[in-house]
Amino acid sequence: MTNDPDHLILDKILAGEQPAYAELVNKYKSYACTIALRILQNKADAEEAAQDAFIKAYHHLAGFNRESKFSTWFYRIVFNTAISYKRKNRHQFQSIENTVVEYQQEGEGMLEKTDKRKYLNAAMSRLNEADRTALTLFYLEEFSLEEIAAITGMQANTAKVRIHRARQRLADELTNILNQEALTL
Amino acid sequence: MEKVTQESDDLLLRYIDGTLGLSEKQIIEKDLERNEALRKRLDQLRSTHLLLRANRLYEPSKNFTQQVMSRLSLDPLRGVSFPIRNSILILVGVLMVVIIAAVLVPAGVFDNISTTIDLNQVEISKKYVEKTLPSVSIDGKLLVNIIIIVNLVLGWLVLDRAILKPIFQRRLHTGR
């Protein structure tokens, strides 16, 4: 059993204090949406999947054995929910072009930042889901390799190698995209 | 220009993360000085690293928490674990059945309750089965004994899963 401060909130919820769950939602919503977004590559779907994950987690709180951190257990639910969404909504997968339109609405002052984000998202979309999730979790700087492995259902060593290779592949993809952009100018 | 190998890629990533030992760091820095391809690759990997660090968190819409909580309020019953008070009531009910049955069995209340079912009298068997079927006798005392055992197992499960486990989990966590 871990000494996780979230367990106190869980006790309140399990004692019937449903509003206490809002504390957990507030604490983890950004991380949940970020993980879902990396898998689904679409903001609306990501938020919906993250909401579903929160609902599922709530319904299974009594079964959470507290041997791991709540966050690790919860992100595993987010990961699985987003993967199921991806399988169900494969035909609705949003293209990179749509993402670009969305970012252009943010204004000219954000151009450089949104351009970088656009290229990063485009490069990310060329990786597979497991690579994207492993990279996202690694860069959230919140998790150990063991926790990343637990969330994504891999061995710790496999997660380490996957993150390493994904970083290399992402650098390659980013270089390719930027080279293509340079050629079209 | 020298080629960048998988090994040097690995070293460059560890160099960026700052996880190289001193001697490895000195070696890679010397290599970087004389190898342009390696410098270029370091730039690519570092740019990617910085981009990923800068784009870490996505902020969901402002009413995200409210939406989750409204969805929960529509379906609150499945949400929390079975309350301990209800579990205790179930356990008391189960134990009452066991106690009543355990008192009535030795008193011989169920001794005379026995019946025999003749399967040949059942309409379906006449229609579909040509052979003669055996009669099945039901002993009331045996039936009540089985009910007592099933209730004892059920009572034990309720006590363990719905009462003791949540209590000990909370005590272990809060240190009370």
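So if I check each of A:Tyr85, A:Tyr58, which one is in a helix (DSSP H, G or I), out of contact with any strand residue (DSSP E or B) (no Cβ under 8 Å at 6 or more places or on another chain), within 13 Å of another protein chain (Cβ to nearest Cβ) and touching a residue at least 24 places away in the same chain (Cβ under 8 Å)?
Numbers: A:Tyr85 fails: within 13 Å of another protein chain (Cβ to nearest Cβ).
After applying the criteria, what remains is A:Tyr58.
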Unmet requirement for B:Arg46, which otherwise passes all of (1) more than 30 Å from A:Gly16 (Cα to Cα); (2) facing chain A (nearest Cβ under 7 Å): (2)
Segment A:136-163, residues that are under 22 Å from B:Thr5 (Cα atoms) and in contact with a helix residue (DSSP H, G or I) (Cβ under 6 Å, 6 or more places away or on another chain): A:Ala159, A:Lys160, A:Arg162, A:Ile163
Selection count, segment A:129-156, where residues are in a helix (DSSP H, G or I) and either among the hydrophobic types (A, V, I, L, M, F, W, C) or within 14 Å of another protein chain (Cβ to nearest Cβ) (or both): 16
Members of segment A:132-157 found to be surrounded by fewer than 18 Cβ atoms within 10 Å (Cβ to Cβ) and over 24 Å from A:Lys86 (Cα atoms), listed by number: A:Glu141, A:Glu142, A:Ser144, A:Glu146, A:Ala156, A:Asn157
Of all residues in segment A:157-175 being of a type in the set (Val, Ile, Thr) and free of Cβ contacts under 8 Å to residues at least 12 places away in the same chain, the one that is farthest from the other protein chains (Cβ to nearest Cβ): A:Thr158
Number of positions in segment A:8-21 that are surrounded by fewer than 18 Cβ atoms within 10 Å (Cβ to Cβ) and modelled with pLDDT of 90 or more: 1
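Among the residues of segment A:97-114, is any part of a helix (DSSP H, G or I), within 11 Å of chain B (Cβ to nearest Cβ) and either crowded, with 18+ Cβ neighbours inside 10 Å or modelled with pLDDT of 70 or more (or both)?
Taking every residue of segment A:97-114 in turn, at least one turns out to be part of a helix (DSSP H, G or I), within 11 Å of chain B (Cβ to nearest Cβ) and either crowded, with 18+ Cβ neighbours inside 10 Å or modelled with pLDDT of 70 or more (or both).
Scanning segment A:26-52 for residues that are at negative phi and touching a residue at least 60 places away in the same chain (Cβ under 8 Å), which turns out surrounded by the most Cβ atoms within 10 Å (Cβ to Cβ)?
A:Ile35
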In segment A:1-41, residue farthest from the other protein chains (Cβ to nearest Cβ) [restricted to those that are among the small types (Gly, Ala, Ser) and in a helix (DSSP H, G or I)]: A:Ala20
In segment B:41-75, residue surrounded by the most Cβ atoms within 10 Å (Cβ to Cβ) [restricted to those that are β-branched (Val, Ile, Thr) and closer than 30 Å to A:Lys56 by Cβ]: B:Val68
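The values are calculated or read from the model by the stated rules, or taken from the named source; none is laboratory data. Small disclaimer: the values here were computed from a predicted structure and weren't measured. Here the Cβ is made from the backbone with ideal geometry for all residues, glycine too, and neighbour counts use every protein chain on show.
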